[in-house]
Amino acid sequence: TLLSIYLHAFCYVSCSSMEGFNIPLLEAAFFNIPIICSDIPVHREVLSDTHAIFFSPSSFSDIKYKFNYLFNYLDGKESIPVNYNHTLAKFTDQNLYSEFFSLILWSFFSISFLFWTIWYKFPGFCFL
């Protein structure tokens with residue numbers, strides 16, 4: 001099962017060069033698995049304040065260097081100390097609902113302001 005994979009994972013790797021919101025990053029963070037991921041904006045946004053290891057997705061030598069760094073760090077150790085609590089706190093249900101509601105309100109007021117501006121500048125204009 002997915003749970004047993006995460007529980008026994010050595011690390012989580014995401015080599016995407018383009019990505020939307022990468023939910024498996026949060027899943028790996030939830031299980032405190034070391035994360036090695038491509039240095040793209042969405043990964044930086046989600047994992048900016050963590051111990052994640054970022055690599056250039058267009059550079060094989062950088063990927064190889066980062067894996068060697070991880071393996072050398074683990075030489076003789078059981079695991080890497082990672083803590084993603086701060087990252088996970090940003091993505092609670094309440095925070096996501098709050099951000100979504102703020103976005104909806106901002107969109108509503110922006111569109112309302114646009115219509116009001118058009119109506120004010122062109123009083124005879126009809127939107128229908």
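The values are calculated or read from the model by the stated rules, or taken from the named source; none is laboratory data. What you are looking at is a predicted structure, and each value in this text was computed from that prediction instead of being measured. Neighbour counts run over all protein chains shown; Cβ positions are idealised from the backbone, glycine included. Surface accessibility is based on the protein's heavy atoms, side chains included, excluding ligands, DNA and RNA. Shrake-Rupley method; radii C 1.70, N 1.55, O 1.52, S 1.80 Å.
Conditions tested, residue by residue: (1) touching a strand residue (DSSP E or B) at 6+ places or on another chain (Cβ under 8 Å); (2) among the acidic types (D, E).
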| position | (1), (2) |
| --- | --- |
| C15 | yes, no |
| I23 | no, no |
| F31 | no, no |
| D39 | yes, yes |
| V46 | no, no |
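Candidates in segment 73-121 are the residues that are closer than 30 Å to V42 by Cα and of a type in the set (V, I, T); of these, the one that is modelled with the highest pLDDT is I104.
Scanning segment 4-35 for residues that are closer than 17 Å to F91 by Cα, touching a helix residue (DSSP H, G or I) at 6+ places or on another chain (Cβ under 8 Å) and in a loop (DSSP other than H, G, I, E, B) gives G20, F21, N22, F31.
Within segment 13-22, does at least one residue satisfy the condition of being at pLDDT 90 or above, surrounded by 13 or more Cβ atoms within 10 Å (Cβ to Cβ) and among the acidic types (D, E)? Taking every residue of segment 13-22 in turn, none turns out to be at pLDDT 90 or above, surrounded by 13 or more Cβ atoms within 10 Å (Cβ to Cβ) and among the acidic types (D, E).
Identify all residues within segment 55-65 that are aromatic (F, W, Y) and open to solvent by less than 40 Å² (accessible area, probe 1.4 Å); write none if there are none. Within segment 55-65, F55 is the sole residue that qualifies. Within segment 36-54, being more than 11 Å from the chain's Cα centre (by Cα), assigned to a strand (DSSP E or B) and not hydroxyl-bearing (S, T, Y) holds for I36, I53, F54.
Which count do you get for residues in segment 37-49 that are in contact with a helix residue (DSSP H, G or I) (Cβ under 9 Å, 6 or more places away or on another chain) and surrounded by fewer than 19 Cβ atoms within 10 Å (Cβ to Cβ)?
So the count comes out to 4.
Give the residue, chosen from A89, A52, that is loosely packed, with under 11 Cβ neighbours inside 10 Å and of a type in the set (A, V, I, L, M). Just one listed residue meets the conditions, A89.
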